[in-house]
Amino acid sequence: MDNDKVISILNGLIETCRDGQNGFLEAAENVQSPELKEFFNKVSLERSQCVGELQQQVHALGGDPENTGSTAAALHRTWMDIKGTFTGRDDQTILNECERGEDSAVEAYRDALDEDLPANIRSVVETQFREIQQVHDRVKQMRDARSAGATNRP
């Protein structure tokens, strides 16, 4: 695979992670639960670290890393669509929207891993994919637990 293609894939993942970083930060600012607030802030920071790692890989390939969150990866922009919807929402709704954003992130990483990436880059992407999948599963678990709790209330 040529460098330009790898750089394009990495820049798409940078954008996806930046969207998640901003989305989780927005979620943290709008949830009521202190536990969710702490979790969302932690995940936002983790996504920032993912962005940095991916940017280093792009630099190593001689490319310019995505810095703006432009529309280059429009198919994976769900988080940005979600970002403005949190205000005035309850924690359950915010969890639902976060899961939807994470569905998009998981899909973006799966698509990248379907490509023939160089081994060193594949390793970075696989590690980040596992982290993103874990966050997705945790968000889903929290969403389901809150939903079940609401159902059991009189």
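The values are calculated or read from the model by the stated rules, or taken from the named source; none is laboratory data. Please read all numbers here as calculations on a predicted model, not as lab measurements. Neighbour counts run over all protein chains shown; Cβ positions are idealised from the backbone, glycine included.
Points to keep in mind about this one:
- Residue count, segment 20-45 (criterion: assigned to a helix (DSSP H, G or I), over 12 Å from the mean Cα position of the chain (by Cα) and not basic (Lys, Arg)): 11
- Filter result for Glu115 (in contact with a Lys or Arg (Cβ under 8 Å, 6 or more places away or on another chain), of a type in the set (Asp, Glu) and closer than 21 Å to Lys5 by Cα): yes
- Here Glu97 meets the list (1) over 21 Å from Ala27 (Cα atoms); (2) crowded, with 17+ Cβ neighbours inside 10 Å almost entirely, failing just condition (1).
- Scanning segment 1-19 for residues that are out of contact with any Gly (no Cβ under 7 Å at 6 or more places or on another chain) and either surrounded by 19 or more Cβ atoms within 10 Å (Cβ to Cβ) or not in a helix (DSSP H, G or I) (or both) yields Met1, Asp2, Val6, Ile9, Leu10, Asn11, Gly12, Leu13, Ile14, Thr16, Cys17.
- Checking each residue in segment 15-55 for being touching a helix residue (DSSP H, G or I) at 6+ places or on another chain (Cβ under 8 Å), of a type in the set (Lys, Arg) and modelled with pLDDT of 95 or more picks out Lys37, Arg47.
- Selection from segment 19-39 of residues that are among the charged types (D, E, K, R) and closer than 20 Å to Val106 by Cβ: Asp19, Glu26
- Of the residues making up segment 107-122, those that are in a helix (DSSP H, G or I), of a type in the set (A, V, I, L, M, F, W, C), at pLDDT 95 or above and surrounded by 15 or more Cβ atoms within 10 Å (Cβ to Cβ) are Ala112, Ile121.
- Checking Thr93, Thr68, Thr87 one by one, the residue that is of a type in the set (S, T, N, Q), closer than 27 Å to Arg143 by Cβ, at pLDDT below 95 and not in a helix (DSSP H, G or I) is Thr87 and no other.
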